[in-house]
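Read the structure below first, then the notes.
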Amino acid sequence: MSSAENRCSLCREPAVVRLTEPERRLCAGHFIEDVEARVLGSVTREQMIAPGDRVAVGLSGGKDSTALLLLLHRFLPALGATPVAVTIDEGIAGYREETLRAAQDLAGELGVEHAIVTFADLFGEDLDAILVGRESQGCTVCGVLRRRALVEAVKRVGATKLATGHNLDDEAQSVLMNVLRGDLPRLRQDTSTGQPGHFVPRIKPLAVLSEKEIVTYLLLRAYYRDLPECPYAGTALRSEVRTMLAGLEHRHPGTMLRLMRFRGGIRQSARAAEPAKALSTCRICGELTSGEVCQVCRLLGRKER
Ligand code: SF4
């Protein structure tokens, strides 16, 4: 391609990215504006924030949550809401120390209140100790415990919403994983409305951005940090689905967006067909569950007293 063609569609400066749907090339400044406008557009269109909200922002210190805090720190005051960063320290040696420092640095630089909740404090042990002998189930066990830890963090900081950094790739992978597992209840599950008294509504403002767009945004704003990978990553079905979906997206652009639309359609028809199933409380810890004993108590082998 000649350099004359590789120009920003809006100002004719050299382009740094090419985007599809709609097809456009953008320079650094217009790409940053485009990303911010899409995220703010989705937050307002889907009414994710109400005036007076105190929004817990899940901040792992990695790229997605860094972008999430940067964007919400910019938008929330104008929407009458306040961000408070929450970090879960699972206790993963050689990984969590550095990402925790990155999270603390960012919250400190932006002047955002920051709370840290540890697995050791909540569950009596670090993830490394909990996983001894079942390392291959790392992400499955961690995912269940992290969800509970986030619920606890939200209670501790008195938040009215929980924002997480899930991007378009994450969400599309989840749709495909639920299909591959034949897990229709998970596919239909919508956490955006919350459960009064138990869960606050959960919002995902970055679900309109691909992972590549988030990395580019951070690089252009000089916030990209090369951090270690979690040693348990890649043990789950997700890493296979990630590779497969990246290939499909490359060969058939728009695949991920179509998967999201598919899930939207499933949720809509599920809502119309039957009312939400009633949940009960766990016999051991009292948290909400669909059975008699919740997944956290089962994973930790907790017994009734
Ligand atoms: Fe937990 Fe898996 Fe994420 Fe590591 S990669 S923090 S084990 S969910």
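Only a single criterion out of (1) aliphatic (A, V, I, L, M); (2) within 12 Å of the chain's Cα centre (by Cα); (3) assigned to a helix (DSSP H, G or I) is not satisfied by Met177, namely (2). Out of all the residues in region 48-91, which are in contact with an Asp or Glu (Cβ under 6 Å, 6 or more places away or on another chain) and away from the ligand (no atom under 12 Å from the Cβ)? Within region 48-91, Ala81, Val84 qualify.
The set of residues from region 92-150 being away from the ligand (no atom under 12 Å from the Cβ), hydroxyl-bearing (Ser, Thr, Tyr) and at pLDDT below 95 is empty.
Residues of region 17-49 that are at pLDDT 95 or above, more than 20 Å from the chain's Cα centre (by Cα) and not in a strand (DSSP E or B): Cys27, Ala28, Gly29, His30, Phe31, Ile32, Glu33, Asp34. Given the criterion within 16 Å of the ligand (Cβ to nearest atom) and not polar (S, T, N, Q), identify the matching residue among Arg202, Arg242. Result of the check over Arg202, Arg242: Arg242. Taking (1) surrounded by fewer than 16 Cβ atoms within 10 Å (Cβ to Cβ); (2) in a loop (DSSP other than H, G, I, E, B); (3) in the same structural domain as Phe123 (by TED's automatic domain parsing) in turn, Gln268 satisfies each apart from (2). Regarding Gly254, is this residue farther than 23 Å from Leu76 by Cβ and out of contact with any helix residue (DSSP H, G or I) (no Cβ under 7 Å at 6 or more places or on another chain)? It is true that Gly254 is farther than 23 Å from Leu76 by Cβ and out of contact with any helix residue (DSSP H, G or I) (no Cβ under 7 Å at 6 or more places or on another chain). Scanning region 147-162 for residues that are open to solvent by 20 Å² or more (accessible area, probe 1.4 Å) and either of a type in the set (Ser, Thr, Tyr) or in a helix (DSSP H, G or I) (or both) gives Arg147, Arg148, Val151, Glu152, Lys155, Arg156, Thr160. Check region 24-39 and report whether any residue there is in contact with a Phe, Trp or Tyr (Cβ under 7 Å, 6 or more places away or on another chain), open to solvent by less than 60 Å² (accessible area, probe 1.4 Å) and closer than 22 Å to Pro205 by Cα. Yes: one or more hits. Within region 245-256, being open to solvent by less than 70 Å² (accessible area, probe 1.4 Å) and either of a type outside the set (Val, Ile, Thr) or within 16 Å of the ligand (Cβ to nearest atom) (or both) holds for Leu245, Ala246, Gly247, Leu248, Glu249, Gly254, Met256. Any chance region 223-241 includes a residue that's surrounded by fewer than 13 Cβ atoms within 10 Å (Cβ to Cβ), in a helix (DSSP H, G or I) and at pLDDT 85 or above? Among the residues of region 223-241, not one is surrounded by fewer than 13 Cβ atoms within 10 Å (Cβ to Cβ), in a helix (DSSP H, G or I) and at pLDDT 85 or above, which makes the answer no.
Taking the condition of being in contact with a Lys or Arg (Cβ under 9 Å, 6 or more places away or on another chain) and either surrounded by fewer than 19 Cβ atoms within 10 Å (Cβ to Cβ) or outside any helix (DSSP H, G or I) (or both), how many residues in region 127-139 meet it?
Taking region 127-139 as the starting set, the residues that turn out to be in contact with a Lys or Arg (Cβ under 9 Å, 6 or more places away or on another chain) are 127, 139.
Then keep just the ones that are either surrounded by fewer than 19 Cβ atoms within 10 Å (Cβ to Cβ) or outside any helix (DSSP H, G or I) (or both); that gives 139.
Total satisfying the criteria: 1.
Going through (1) of a type in the set (Gly, Ala, Ser); (2) surrounded by fewer than 21 Cβ atoms within 10 Å (Cβ to Cβ); (3) outside the structural domain of Leu218 (by TED's automatic domain parsing) one by one, Gly62 falls short only on (3). With (1) among the aromatic types (Phe, Trp, Tyr); (2) open to solvent by 20 Å² or more (accessible area, probe 1.4 Å); (3) more than 16 Å from the ligand (Cβ to nearest atom) as the list, and Tyr217 as the residue in question, which single condition is left unmet? Single failed check for Tyr217: (2).
The values are calculated or read from the model by the stated rules, or taken from the named source; none is laboratory data. Remember, it's a predicted structure, so these values are computed and weren't measured experimentally. In this analysis, Cβ positions are derived from the backbone assuming ideal geometry, glycine residues included, and neighbour counts consider all displayed protein chains. SASA here: full protein model, heavy atoms, side chains in, ligands and nucleic acids out. Shrake-Rupley method; radii C 1.70, N 1.55, O 1.52, S 1.80 Å.
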